[in-house]
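Enquirer: This is the structure, below, for whatever I ask next.
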Amino acid sequence: MSASVVSHSVPAVGPLQLMVNQSTGVRQMVPLIRLPIVIGRDSDCGLQIIDMQASRQHCRIDLEDRKLFLTDLRSRNGTLLNSRRVTAPTPLQVGDRIIVGRTVIQLVADITRPISSQTTLIDTHPVESATRRVV
């Protein structure tokens, strides 16, 4: 079953995306379609980043009670949210900046695609083939 995100933590302005900025200068927009999503270097991560400062499984974005949360997965170098170390599950809002190693990830809403009553922002069913690799 799919779940739409509608809360004060994540305003319903459009489909959510992760804007991934690698230290190499590569920038990529990744639709946030399936949750939870693990971010890290491992090829099994939902969002694989190529960053030697990142742990294999660095952090995770979850949906709980219709709100997004960021959790550090006991990473070696820690996870920062808006320049603060994440020590417990922390609510996410559109515009937040997640630092994983040297990679900066920002939660953004795609305002070019407005939400209709049929729009599903986030599908909570895990899919093995949903892994995204950012190079």
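The values are calculated or read from the model by the stated rules, or taken from the named source; none is laboratory data. Values in this document were obtained by computation on a predicted structure and should not be read as measured data. When we count neighbours, we look across all protein chains shown, and the Cβ atoms used for this are built from the backbone with ideal geometry, even at glycine. With ligands, DNA and RNA removed, areas are computed over all heavy atoms of the protein, side chains included. Shrake-Rupley method; radii C 1.70, N 1.55, O 1.52, S 1.80 Å.
Enquirer: Could you check region 52-67 and list, in sequence order, the residues that are modelled with pLDDT under 95 and crowded, with 18+ Cβ neighbours inside 10 Å?
Expert: The answer is 63, and nothing else.
Enquirer: Taking region 54-80 as the region of interest, how many residues are over 11 Å from the mean Cα position of the chain (by Cα), among the basic types (Lys, Arg) and part of a strand (DSSP E or B)?
Expert: Matching residues across region 54-80 total 1.
Enquirer: Follow-up. Would you call residue 107 in a strand (DSSP E or B), at pLDDT 95 or above, open to solvent by less than 100 Å² (accessible area, probe 1.4 Å) and more than 12 Å from residue 16 (Cβ to Cβ)?
Expert: Judged against the criteria, residue 107 is not a match.
Enquirer: Next up: Regarding region 81-89, can at least one residue be identified that is outside any strand (DSSP E or B), open to solvent by less than 30 Å² (accessible area, probe 1.4 Å), small (Gly, Ala, Ser) and at pLDDT 95 or above?
Expert: No: zero hits.
Enquirer: Between residues in region 82-94 that are over 16 Å from residue 65 (Cα atoms) and residues that are among the acidic types (Asp, Glu) and in a strand (DSSP E or B), which pairs lie under 6 Å by C-beta distance while being six or more apart or on different chains?
Expert: Here the result reads 86/72, each pair linking region 82-94 to a residue that is among the acidic types (Asp, Glu) and in a strand (DSSP E or B).
Enquirer: Within region 112-124, can one find any residue that is modelled with pLDDT of 85 or more, surrounded by 15 or more Cβ atoms within 10 Å (Cβ to Cβ) and assigned to a strand (DSSP E or B)?
Expert: From region 112-124, those modelled with pLDDT of 85 or more are none; that's our starting set.
No: zero hits.
Enquirer: State which residue is farthest from residue 35 (Cα to Cα) when the search covers only region 90-104 and only residues that are open to solvent by 50 Å² or more (accessible area, probe 1.4 Å) and assigned to a strand (DSSP E or B).
Expert: 97
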